[in-house]
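The values are calculated or read from the model by the stated rules, or taken from the named source; none is laboratory data. From a predicted model like this one, the values you see are computed outputs, not experimental measurements. No Cβ is skipped: glycine too gets one built from the backbone with ideal geometry, and neighbour counts run over all protein chains shown.
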């Protein structure tokens, strides 16, 4: 990636979007930027309109607590993602947030679309960008299926091609002790596999990160895990992800 534009901060969040315990993170991301909080609940569309409406409500309530404007971009399908009207709503954002749900649906809906191009353009222009759970997974180069991690998935949005993310990591690890091997794919030698616990985020990008929240992030490799506690800085190598794409 050779673009020298000073992009905004990137947050990959394990869980907790729009909840009060995560408000300090969201407030920090938008601080000093336009008070325009752009929110996409696209990943929740497969769960039905009531679930999407809940995410919209939670996002608006969080924006009210923060004293900023909530801008709901209601992208429900690929036609919406390629609609210039929705893409135009991204302009002027201080913080853009992709909330949780189905990561493969989110990636397939936004990948190569006008809305995603507008999001990436705004981020490269200095807006903060966050993805929680499905939103975090979709920003990588490959999104494994949650139901069939070793046998299915889709190409991601590719913003962090050198990472693969397991959100809700503490919950996944408790329910699925084999979570590490379930999320590994043949090109894993060229990526960094990260687990991010609930109510926890990694913030920074693209190579320098800080763990934020009440729990930890985990660097996963060779059947083992290294804990990175809240407040600790760490580095991921972007060149590894670029190598895996060649």
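Take the conditions (1) within 19 Å of the chain's Cα centre (by Cα); (2) in a loop (DSSP other than H, G, I, E, B); residue 70 misses just one of them, which is (2). Scanning region 78-103 for residues that are in a helix (DSSP H, G or I), over 25 Å from residue 23 (Cβ atoms) and touching a helix residue (DSSP H, G or I) at 6+ places or on another chain (Cβ under 8 Å) turns up 78, 80, 81, 84, 86, 87, 88.
So that you can scan it fast, the table gives a plain yes or no per residue for (1) assigned to a loop (DSSP other than H, G, I, E, B); (2) modelled with pLDDT under 80; (3) exposed (fewer than 15 other Cβ atoms within 10 Å of the Cβ):
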| residue | (1), (2), (3) |
| --- | --- |
| 159 | yes, no, no |
| 164 | no, no, no |
| 180 | no, yes, no |
| 198 | yes, no, no |
| 209 | no, no, no |
| 220 | no, no, no |
| 227 | no, no, yes |
| 234 | no, no, no |
| 241 | no, yes, no |
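For region 22-46, a residue qualifies if it is surrounded by fewer than 23 Cβ atoms within 10 Å (Cβ to Cβ) and closer than 20 Å to residue 157 by Cβ, and the qualifying residues are 45, 46. Do we find a residue being modelled with pLDDT of 90 or more, part of a helix (DSSP H, G or I) and within 21 Å of residue 100 (Cα to Cα) anywhere in region 138-153? Checking region 138-153: at least one residue is modelled with pLDDT of 90 or more, part of a helix (DSSP H, G or I) and within 21 Å of residue 100 (Cα to Cα).
Answer yes or no as to whether residue 64 is without any contact (Cβ under 8 Å) to a residue 12 or more places away in the chain, touching a strand residue (DSSP E or B) at 6+ places or on another chain (Cβ under 9 Å), more than 27 Å from residue 233 (Cα to Cα) and surrounded by fewer than 21 Cβ atoms within 10 Å (Cβ to Cβ). Break it down stepwise before answering.
On the way: without any contact (Cβ under 8 Å) to a residue 12 or more places away in the chain: yes; touching a strand residue (DSSP E or B) at 6+ places or on another chain (Cβ under 9 Å): yes; more than 27 Å from residue 233 (Cα to Cα): yes; surrounded by fewer than 21 Cβ atoms within 10 Å (Cβ to Cβ): yes.
Answer is yes for this residue.
Can you find even one residue in region 48-57 that is modelled with pLDDT of 95 or more, crowded, with 20+ Cβ neighbours inside 10 Å, assigned to a helix (DSSP H, G or I) and in contact with a helix residue (DSSP H, G or I) (Cβ under 7 Å, 6 or more places away or on another chain)? Yes: region 48-57 contains one or more residues that are modelled with pLDDT of 95 or more, crowded, with 20+ Cβ neighbours inside 10 Å, assigned to a helix (DSSP H, G or I) and in contact with a helix residue (DSSP H, G or I) (Cβ under 7 Å, 6 or more places away or on another chain). Among the residues examined, residue 75 qualifies as in contact (Cβ under 8 Å) with a residue 24 or more places away in the chain and in a loop (DSSP other than H, G, I, E, B).
If you check residue 117 against the conditions, is it touching a residue at least 24 places away in the same chain (Cβ under 8 Å), part of a helix (DSSP H, G or I) and closer than 20 Å to residue 42 by Cα?
Working: touching a residue at least 24 places away in the same chain (Cβ under 8 Å): yes; part of a helix (DSSP H, G or I): yes; closer than 20 Å to residue 42 by Cα: yes.
So residue 117 fits the description; yes.
Looking at region 12-24, which of its residues are farther than 13 Å from residue 198 by Cβ, in a helix (DSSP H, G or I) and touching a strand residue (DSSP E or B) at 6+ places or on another chain (Cβ under 9 Å)? 24 - this is the single residue of region 12-24 that is farther than 13 Å from residue 198 by Cβ, in a helix (DSSP H, G or I) and touching a strand residue (DSSP E or B) at 6+ places or on another chain (Cβ under 9 Å).
Looking for something within 22 Å of residue 111 (Cα to Cα), in contact with a strand residue (DSSP E or B) (Cβ under 8 Å, 6 or more places away or on another chain), at pLDDT 95 or above and assigned to a loop (DSSP other than H, G, I, E, B) - is there at least one such residue anywhere in region 35-47?
Yes, region 35-47 has at least one match.
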